[in-house]
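**Q** The structure is given below, and queries will be raised subsequently.
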Amino acid sequence: MNAERRFPEGFLWGCATAAHHVEGGNHNCDWWEFEKRGGILTGDSADPACDQYRRFREDFALLRRLHNNAHRLSVEWSRIEPSAGEFDPAQMEHYRQVLLELRDQGMAPMVTLHHFTSPTWFAKGGGWAASGAHEAWLPFVRRVAEELGDLVAFWCTLNEPNIYAYQGWLAGEFPPGRRGDIRGFCSVLANMRRGHEAAYGELARLTPAVPVGIAQHKWLMLPANPARRRDRFAAASAQFFMDRWPAGVRWQRVVEAPCDYLGLNHYSGSLVAFSARRVGEGFANRFNPPGLPVSDFDWAVEPRWLRICLEQLRPLGKPVYVTENGIAAIDDGPRVRFLRDVLGQLWLAIQDGVDVRGYFHFSSHDNFEWARGYSMHFGLIGVDLETQERTVKPSGWEYARIAQADALPGEE
Ligand code: BGC
C-alpha cells in the first residue's frame, strides 16, 4: 500500500445546498408558482423539504460531527426582499442566526446569492430575461453584504448561470418553463453577467476581506470519435455554448469573469457525435460513454473527469473550490466508491499544480431536487420525509473519516 494522500493545510471540507433544496416553507418565489402550475415532474412539493429553516441547528451539529469545516448555502432572496425594495428584518435576522450557528460550530460559510430561485415580484417582471434585471437584484446583494457580511467567509454570486438559463428558457424544466427561447436564453446570460460583475464590485467595496466567486457548472463534452474532425467540431461547439456567456459582441468564458476564486460545479459529461439531422441541437448527438456506470439521473459516472475540469482552470491562476460534486444514487454503495475515487482525482489535480483549496459535496442531505422532487438522492445523510429523522449514510461516515484525517488512505 502506498503512503497516504494528504490534502493541503487548511483544506475546506463541506457540503453544498441551496435554500429551496432544504428549507421548506419557501412560498414567495418562482419555484413555488412553478410547483403550483404542475412543474414538478414527480408531483412532489418543496414544502417541507428537509424543514431546515427550523432544524438548521441540529443539521449543522450533525455536519460538524462529520468533520465538515465549511458549508455552502444560499440565502433566499424572496424571503429577504418579499416585494421590490422592501426588506424583511425578521428574515435577515433568521439568516444571521444561521450564519452565527455555522460560525459557532466551526464551519466557514460560503454564501450563494442566487441559486435558481427568484422572488415572485421579480419573476413577474420577466425575471433574469428582462432588461435591468441585474439592477433589480443589486439592492438585495448590497443589503445582505451590509447586514450579514461580517459572518460570511466566501461569497458566491450566482449558481450555474448556464444551467439556469438552459433549463428555464430552452428545456422548460425550470421556471419560467420556456422551451426553445434562444433570445430569452441569451438575455438571461447577458443579464447574469452584468449582475455578477456589478455584484463583484459592490461586494469588494462593502466586504473587502471576503473573497468573491461564482459557481460555474462544467459538463464535459468529449468527441465521440476523437479521430473524426466532425465529432471534434460538434463537441467543441457544444462545450463553447456550455461554458460561455455573451459579453458585448463576443462570448466570454464565465470563468474569466472578475472573481477572487473559481467555483467549479462538476457532475458528468457526454460523448458528442456530429449529426447532420440535429440542426436544433447544434448538430450534436450527445450520449453516455458505453460501459460507464450511470447515476440515477442517467448521468455517466467517471471520477477522472473532475481532474480534467480542474486542470482546465489552472492557467487562470486563481484559487479553486469545488463548489458542487456528487451523484444521485438511492443505493449508497456507489457513492462511497465515488467519493474515494473522485477525491483521489482531486488530490492528483493538486499534485499537478491546481490550487484547489476546498471541496463541497452535493449534498449534505437527501433533498428537494428541483423538477425531480424527492426522486433523486444526492445526500450523505438520508431524511425520512414522514418523520424528518436524519440518518447518516455510510458515505457520510466515509466523508467524515477523510475530512478528519485531511487525507485519503494510500492506494491498495
Ligand atoms: C445545481 C444543484 C442541483 C444539482 C443536481 C446543480 O446543477 O447547482 O442545485 O441540485 O446540480 O442536479
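The values are calculated or read from the model by the stated rules, or taken from the named source; none is laboratory data. Bear in mind that the values here come from a model prediction, so they are computed numbers and not experimental data. Here the Cβ is made from the backbone with ideal geometry for all residues, glycine too, and neighbour counts use every protein chain on show. When the accessible area is computed, the model is the full protein with side chains, heavy atoms only, and any ligands, DNA or RNA have been set aside. Shrake-Rupley method; radii C 1.70, N 1.55, O 1.52, S 1.80 Å.
**Q** Any chance the stretch 67-87 includes a residue that's in contact with a Lys or Arg (Cβ under 7 Å, 6 or more places away or on another chain) and either among the acidic types (Asp, Glu) or more than 30 Å from ALA123 (Cβ to Cβ) (or both)?
**A** Looking for residues that are in contact with a Lys or Arg (Cβ under 7 Å, 6 or more places away or on another chain) and either among the acidic types (Asp, Glu) or more than 30 Å from ALA123 (Cβ to Cβ) (or both), one finds none in the stretch 67-87, hence no.
**Q** Next question. Of the numbered conditions (1) farther than 30 Å from ARG179 by Cβ; (2) touching a Gly at 6+ places or on another chain (Cβ under 9 Å); (3) open to solvent by 10 Å² or more (accessible area, probe 1.4 Å); (4) basic (Lys, Arg), ARG72 satisfies every one except a single condition; which is it?
**A** (3)
**Q** In addition: Kindly provide the set of residues from the stretch 15-52 that are assigned to a helix (DSSP H, G or I) and within 15 Å of the ligand (Cβ to nearest atom), ordered by number.
**A** Of everything in the stretch 15-52, those that are assigned to a helix (DSSP H, G or I) and within 15 Å of the ligand (Cβ to nearest atom) turn out to be ALA19, HIS20, HIS21, VAL22, ASP30, TRP31, PHE34, GLN52.
**Q** Is at least one residue of the stretch 365-382 open to solvent by 10 Å² or more (accessible area, probe 1.4 Å), of a type in the set (D, E, K, R), closer than 20 Å to ASN26 by Cα and more than 16 Å from the ligand (Cβ to nearest atom)?
**A** no
Yes/no matrix, rows are residues, columns are (1) within 15 Å of the ligand (Cβ to nearest atom); (2) surrounded by fewer than 18 Cβ atoms within 10 Å (Cβ to Cβ):
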position: ASP298; (1), (2): yes, yes
position: PRO303; (1), (2): no, no
position: ILE308; (1), (2): no, yes
position: GLY317; (1), (2): no, yes
position: VAL322; (1), (2): yes, no
position: GLY326; (1), (2): yes, no
position: ALA329; (1), (2): yes, no
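**Q** I need the strands (runs of 3 or more DSSP E) fully contained in the stretch 344-401, keeping only those with at least 2 residues that are more than 26 Å from CYS309 (Cα to Cα) and touching a residue at least 12 places away in the same chain (Cβ under 8 Å).
**A** Answer list for the stretch 344-401: 381-383, 390-392.
**Q** Could you check ILE350 against (1) open to solvent by 10 Å² or more (accessible area, probe 1.4 Å); (2) within 16 Å of the ligand (Cβ to nearest atom); (3) closer than 15 Å to PRO8 by Cβ and say which number it fails?
**A** Going through the list (1) open to solvent by 10 Å² or more (accessible area, probe 1.4 Å); (2) within 16 Å of the ligand (Cβ to nearest atom); (3) closer than 15 Å to PRO8 by Cβ, ILE350 breaks only (2).
**Q** Does GLY85 meet the test of being open to solvent by 20 Å² or more (accessible area, probe 1.4 Å), out of contact with any Leu (no Cβ under 7 Å at 6 or more places or on another chain) and away from the ligand (no atom under 16 Å from the Cβ)?
**A** So GLY85 fits the description; yes.
**Q** Continuing with this model, one more query. Name the single residue that is nearest to CYS156 (Cα to Cα) among those in the stretch 199-254 being under 21 Å from the mean Cα position of the chain (by Cα) and among the polar types (S, T, N, Q).
**A** Looking at the filtered set, the residue picked out is GLN216.
Yes or no, residue by residue, for (1) at pLDDT below 95; (2) surrounded by fewer than 20 Cβ atoms within 10 Å (Cβ to Cβ); (3) touching a helix residue (DSSP H, G or I) at 6+ places or on another chain (Cβ under 8 Å); (4) not hydroxyl-bearing (Ser, Thr, Tyr):
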position: GLU93; (1), (2), (3), (4): no, yes, no, yes
position: ARG96; (1), (2), (3), (4): no, yes, yes, yes
position: THR112; (1), (2), (3), (4): no, no, no, no
position: GLY126; (1), (2), (3), (4): no, yes, yes, yes
position: ALA133; (1), (2), (3), (4): no, no, yes, yes
position: TRP137; (1), (2), (3), (4): no, no, yes, yes
position: ALA145; (1), (2), (3), (4): no, no, yes, yes
position: PHE154; (1), (2), (3), (4): no, no, no, yes
position: LEU158; (1), (2), (3), (4): no, no, yes, yes
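**Q** Please enumerate the residues belonging to the stretch 1-21 that are closer than 23 Å to MET92 by Cα and either free of Cβ contacts under 8 Å to residues at least 24 places away in the same chain or out of contact with any strand residue (DSSP E or B) (no Cβ under 6 Å at 6 or more places or on another chain) (or both).
**A** Within the stretch 1-21, HIS20, HIS21 meet the criteria.
**Q** Same structure, new question: Please name all residue pairs, on different chains or six or more residues apart, with Cβ atoms under 9 Å, provided the first residue is in the stretch 180-195 and is more than 15 Å from ALA136 (Cβ to Cβ) and the second residue is charged (D, E, K, R) and not in a helix (DSSP H, G or I).
**A** GLY184/ARG178; PHE185/ARG178; LEU189/ARG244
**Q** Does the stretch 232-266 hold any residues that are open to solvent by 20 Å² or more (accessible area, probe 1.4 Å) and of a type in the set (Phe, Trp, Tyr), and which are they?
**A** Residues satisfying the conditions are PHE233, PHE240, PHE241, TRP251.
**Q** Being of a type outside the set (A, V, I, L, M, F, W, C) and surrounded by 22 or more Cβ atoms within 10 Å (Cβ to Cβ) is the requirement here; does ASP30 meet it?
**A** Taking the combined requirement at face value, the residue satisfies it.
**Q** Kindly evaluate GLY291 against the criterion of being on the phi > 0 side of the Ramachandran plot and either at pLDDT 95 or above or of a type in the set (A, V, I, L, M) (or both).
**A** So GLY291 fits the description; yes.
**Q** Could you please find all residues in the stretch 193-223 being under 19 Å from LEU306 (Cβ atoms) and among the small types (Gly, Ala, Ser)?
**A** Residues satisfying the conditions are GLY213, ALA215.
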